[in-house]
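Below is one structure, written out as structure tokens; comments come after it.
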Amino acid sequence: MPPCATHLSRLAEELVIWSSAQFRFVTLSDRFSTGSSIMPQKKNPDAAELIRAKVGRITGALVALLMVMKGLPLAYSKDMQEDKEQVFDAADHLMLALAAMEGMLRDLTANRAVLAASAAAGFSTATDLADWLVRAAGLPFREAHHVTGALVRLAEETGRDLPDLTLAEMQAAHPAITAEIFGVLGVENSVASRQSYGGTAPLRVREQVARWKERLE
Amino acid sequence: MTSDTASNAMWGGRFAAGPDAIMEAINASIAFDRLLYRQDIEASRAHAAMLGAQGIVESGDVEAIREGLLTILSEIEAGELAFSPALEDIHMNVEARLRALIGPAAGRLHTARSRNDQVATDFRLWVREQADAAITGIEALMRAALAQAEAGADWPMPGFTHLQVAQPVTWGHHMLAYVEMFARDAGRFRDARARMNECPLAPRISRALPKSW
């Protein structure tokens, strides 16, 4: 049970972060949120927080059991009677956490526009630029990494994003760069370019969705 | 202070006095192992059938035991059976009720087994059911994540490492990562279920049975 509870806890943590005013990646439904008794504006992700915490209780049960069994000679000892309540409790809370997480996921709205705007921030396509230098200009990856790093620094220092740099600026960093490079700097292009098995290209994602749907039927 | 209960009816042959009230409080497990009543009765019915099939208990007694156990099952489910801490656990509570229902033949049910065998069997049956329930719950969660993945298969979002923006991914791609994680969890429950799906009845604590039982 602890591995499953750990995975639930990680997803719960993402929901807590994503639903914050700073991120706004997702909007949680009212059905799985609560208000504050003092601050009228608040909508708290309590279900996610409680799911995040269940791993402590469930792994605690495992540790309690391991300590009970430690040092017991064969065969039966009455110590073992202490196992029931730990296992009963862990199972109850795992089932509850699974059901709550399912409900939260079914109800939540992903804020597409916020996700897209955020995807473009932070020079997120720098790796695509470096990959282009390897693929189209024949640079060793180490050198491509270095050239790209210099361009990121230039963009950062001048308060711009990578696609806002001019071709001349790019070519000053490396003469092999052509206008073609701007084609890989957009987020959509970046995502669509990862076409190997399991990649981010929407075609590949849909393939995986279809595969899992079939397996879960 | 000793409790008012006379020495235990099930194992009290060598005892002159009943247990202290505190002894009873620390010893009794009926408060929580009552949850295992269905598995306990199911395992006892199977054990009785085995005793009959092996010619150890005659078929009339086997039938009375198996029918009596079904009666107890309905009584428990209807909330009509009062569990007694003096009877320690679910096994003794069921057996005592069986004796009240069918008389001394009830005493033959415990031939060739110990309570340790019973609880090991009951608990395995219970855990097996819980593994199935966990798999069902996980698969429902996977479907919810999959619905999100399908809706946002082409919605770009940042992929993170160190919670710093790394490379763009999509909402669908991210949700599928959880689908895969939870699929592995379901696999772990299947593995665990297969490993413990063996019947521990009849070691009678640590030895098998005499050859000519």
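Ratio of Rg to Rh for the range A:90-217: 1.15 [Cα atoms; Kirkwood radius as inverse mean 1/r over pairs].
Mean silhouette area of the range A:13-83, derived from the convex hull of its C-alpha atoms and averaged over all directions, reads 7.5 nm². When a/c is below 1.5 the answer is rounded, else prolate if a/b is larger than b/c, else oblate, so apply that to the range A:20-154 with a ≥ b ≥ c taken from the square roots of the Cα gyration tensor eigenvalues. Oblate, since a/c reaches 1.5 and b/c is not below a/b. Accessible surface computed residue by residue for the range B:59-123, with neighbouring protein chains in place and a 1.4 Å probe, gives 40 Å² per residue. Between amide H atoms placed 1.01 Å from N, distances below 5 Å from residue B:170 occur with B:157, all of them 5 or more places distant or on a separate chain.
Highest GNM mean-square fluctuation among B:93, B:116, B:27, for chain B modelled with Cα contacts below 10 Å: B:27.
On the range A:125-182, 56 percent of the accessible area sits on carbon and sulfur atoms, based on a 1.4 Å probe. In terms of the mean number of neighbouring beta-carbon atoms within 10 Å, the peptides A:209-215, B:131-137 order highest first as B:131-137, A:209-215. Scalar couplings 3J(HN,Hα) for the range B:132-139, obtained by applying the Karplus form with A = 6.51, B = -1.76, C = 1.60 to θ = phi - 60°, are 4, 5, 5, 4, 4, x, 5, 5 Hz; x denotes Gly and Pro. When all alpha carbon pairs of the range B:74-213 are counted in 5 Å bins from zero, the resulting P(r) reads 2, 8, 11, 11, 12, 10, 9, 8, 6, 6, 6, 6, 4, 2, 1, 0 %.
Quick check: at a probe of 1.4 Å, how many percent of the accessible area of the range A:26-87 sits on carbon and sulfur atoms?
About 60 percent, which is the carbon plus sulfur part of the accessible surface.
A dipole drawn for chain B from +1 and -1 charges on Cβ atoms has a positive end, and of B:103, B:192, B:172 the residue lying farthest that way is B:192. Ordering B:78, B:152, B:118 by Cα displacement along the dipole of the range B:69-213 toward the positive end leaves B:118 in first place; charges were set at the Cβ atoms of Lys, Arg (+1) and Asp, Glu (-1). Charging the Cβ of each Asp and Glu at -1 and of each Lys and Arg at +1, and nothing else, the dipole of the range B:20-75 about its Cα centre rounds to 200 debye.
What is the angle, in °, between the Cα long axis of helix B:171-196 and the longest principal axis of the Cα atoms in chain B? Nearest 10 is fine, range 0 to 90. Helix B:171-196 sits at roughly 20 degrees to that axis.
Ellipticity at 222 nm from helices only: DSSP H runs of n ≥ 4 in chain B, each -39500 (n - 2.57), divided by the residue count, give -19500 deg cm²/dmol.
Interface between chains B and A: roughly 5200 Å² of accessible area buried, both sides summed (probe 1.4 Å, protein heavy atoms only).
Legend: mean number of C-beta atoms from other chains within 10 angstrom of residue C-beta atoms, peptide B:188-196, equals 1.
With 50 Å² as the minimum drop in accessible area between chain alone and full protein complex (1.4 Å probe), the qualifying residues in the range A:77-93 are A:81, A:84, A:88.
Classify the range A:127-196 as rounded, prolate or oblate from the Cα gyration tensor: take a ≥ b ≥ c as the square roots of its eigenvalues, call it rounded if a/c is under 1.5, otherwise prolate when a/b beats b/c and oblate if not. It comes out oblate by the Cα gyration axes. Dividing the mean sequence gap of close Cα pairs (under 8 Å, 6+ apart) by how many residues chain A holds gives a relative contact order of 16 percent. A prolate overall shape is assigned to the range B:1-123, the ratio a/c of its alpha-carbon gyration tensor axes (a ≥ b ≥ c) being 1.5 or greater and a/b exceeding b/c. Taking only the Cα atoms of the protein assembly as shown, the ratio Rg/Rh comes out at 1.17, with Rh defined as the Kirkwood radius. At q = 0.13, 0.19, 0.25, 0.29 Å⁻¹ the log10 of I(q)/I(0) for the range B:85-141 amounts to -0.49, -0.75, -1.00, -1.13, computed by Debye summation with a single uniform scatterer per C-alpha, solvent ignored.
For the peptides A:22-28, B:47-53, B:170-176, A:128-134, the ranking by packing is B:170-176, A:128-134, B:47-53, A:22-28, with the highest mean count of neighbouring Cβ atoms within 10 Å listed first. Mean partner shielding of peptide A:107-117, defined as the number of other chain Cβ atoms within 10 Å of each residue Cβ, is 4.
Sorting the segments A:35-42, A:189-196 by their residues' average number of neighbouring beta-carbon atoms within 10 angstrom, most packed first, yields A:189-196, A:35-42.
Remark: mean inter-chain Cβ contacts per residue of A:196-208 equal 5, using a 10 Å Cβ-Cβ cutoff to other protein chain atoms. Taking the longest Cα principal axis of chain A as reference, the axis of helix A:141-157 is set at about 90 degrees. Each Cα pair under 8 Å and six or more residues apart adds its sequence gap; the mean of these over the residue count of the range A:84-172 is a relative contact order of 20 percent.
What accessible area per residue comes out for the range A:95-203, rounded to a whole number of Å², with a 1.4 Å probe?
49
Placing +1 on each Lys and Arg Cβ and -1 on each Asp and Glu Cβ, with no other charges, gives the range B:90-138 a dipole about its Cα centre of roughly 240 debye.
When +1 charges are put on Lys and Arg Cβ atoms and -1 charges on Asp and Glu Cβ atoms, the dipole computed for the protein assembly as shown relative to its Cα centre reaches about 680 debye.
The values are calculated or read from the model by the stated rules, or taken from the named source; none is laboratory data. Because the structure is predicted, anything quoted here is derived from the model rather than measured. All Cβ positions, glycine included, derive from the backbone under ideal geometry; neighbour counts span all protein chains shown. Side chains are part of the model used for accessible areas, which takes the heavy atoms of the whole protein and leaves out ligands, DNA and RNA. Shrake-Rupley method; radii C 1.70, N 1.55, O 1.52, S 1.80 Å.
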